[in-house]
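The values are calculated or read from the model by the stated rules, or taken from the named source; none is laboratory data. Predicted model, so just to flag it, every value in this text is computed and none were measured. Cβ atoms come from the backbone with ideal geometry, glycine included; neighbour counts cover every protein chain shown. Protein only, heavy atoms only, side chains kept; ligands, DNA and RNA dropped before computing areas. Shrake-Rupley method; radii C 1.70, N 1.55, O 1.52, S 1.80 Å.
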Amino acid sequence: MKLARFHVADAATRLGRVDDDRVTDISAAFGTSLRAILPDLPTLKDAILACDGPSYPLGDVVLDAPVDDPQKYLGIGMNYREHAEEARRAGIPIPTSQLWFNKQVSCIVGPHDDVHKPAVSDQLYYEIELGVVIGRRCRHVPVEAARDVIAGYLVCNDVSVRDWLQKRSPTFTLGKSFDTHGPIGPWLTTDDEIADPLALRMTLTVNGEVRQDFTTGDMIYDIYAQIAYLTQVMTLMPGDILATGTPSGIGAPTGRFLAIGDVVRAEIGGLGVIENRVVEEPS
């Protein structure tokens, strides 16, 4: 299934099922919170597929961030082999273990919302990432059981501000958490729709120019190892988002930063496309 949160004109956000180029409103039966139904998705699937609420062409609706109010948005750094080598050439040592950072959830926006270029930096850049959405509360998950706790997947653009990552915030948190720097979507594709999440093509373009083009198979630590590692430390909750790393081609090593008016398009095979325009940060 593909599940979206959307609104029409100025109406309230609804929960919908995406079928091809249409979205069916399932809010009357299931409410408007995707996060609330994630633990029950396997048992609700048949009822969701049978739901026949009002239907709209996708072109007539505004897609919102698929996951409402997640508790956590975590990202892993330098988790693709080519990207780690790219970073090493730029003078950044390759980590010897998983390197996790926090993106404040206030950065999250919808799949087609504008991204603000900060007034305090000219070093804005992009990172396409496979987003994993946790489906149920879990702790101490072994690698071999990790897929069981995944609700589904979405496309993330881990928008980052280079000079706030290490020079001004060595923990990465500030450079990863500017408002609007977490576009996700376009919807949640449930795990059962994806045969192998480690064999998906990822492509990111800026103004039509390809900047990143890899597959998720280039990960150093795959998504199951990531879940096992994190749950040694913390309880993961339904709706938590894991941004699982970006391939090479990001703007920081080459100094190819984003400018106002740039359009960033991120696509992952089987999951869809998000597209965001860079605009001046409002005063």
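General remarks:
- Rolling a 1.4 angstrom probe over the protein heavy atoms with all chains in place gives region 194-275 an accessible area of 36 Å² per residue.
- The rule of thumb for compact globular proteins, 2.2 N^0.38 Å, goes into the C-alpha radius of gyration of region 71-137 1.34 times.
- Candidates 195, 225, 243: whichever shows maximal mean-square fluctuation once the chain is modelled as a Gaussian network with Cα springs under 10 Å: 195
- When the inverse distances between all different Cα atoms of the chain are averaged and flipped, the Kirkwood radius reads 18.9 angstrom.
- Placing +1 on the Cβ of every Lys and Arg and -1 on the Cβ of every Asp and Glu, with no other charges, gives region 46-204 a dipole of roughly 960 debye about its Cα centre.
- Under 5 Å from the amide H of residue 245 lie the amide H atoms of 76, 130, each residue being 5 or more positions distant or on a separate chain, with H modelled from the backbone and absent for Pro and chain starts.
- Proximal charge balance of residue 122 [Cβ under 15 Å; K/R count +1, D/E count -1]: +1
- Each Lys and Arg adds +1 at its Cβ and each Asp and Glu adds -1 at its Cβ; summed about the Cα centre, region 1-140 shows a dipole of about 740 debye.
- Ligands, DNA and RNA left out, the 1.4 Å accessible surface of the chain is 49% carbon and sulfur atoms.
- Entries in 72/176; 117/167; 45/103 that, when Cα-Cα distance is taken, lie over 24 Å: 45/103
- For region 1-64, the pair-distance distribution built from all alpha carbon pairs, in bins 10 Å wide starting at 0, is 23, 59, 18, 0 percent.
- Gaussian network model of the chain, Cα within-10 Å springs - most flexible of 33, 169, 160: 169
- Neighbourhood net charge (15 Å Cβ-Cβ; Lys/Arg +1, Asp/Glu -1) for residue 43: -3
- Per residue value of the accessible surface for region 94-159 (all protein chains in place, 1.4 Å probe), Å²: 38 Å²
- Based on alpha-carbon atoms, the Kirkwood radius and the radius of gyration of region 47-172 give Rg/Rh equal to 1.02.
- Solvent exposure, largest accessible area first (probe 1.4 Å, DNA, RNA and ligands not counted), of 219, 237: 237, 219
- Here the Gaussian network model covers the chain, with springs between Cα atoms less than 10 Å apart; of 235, 216, 205, 235 fluctuates the most.
- Rg followed by Dmax, in Å, when region 154-234 is reduced to its Cα trace: 15.2, 42
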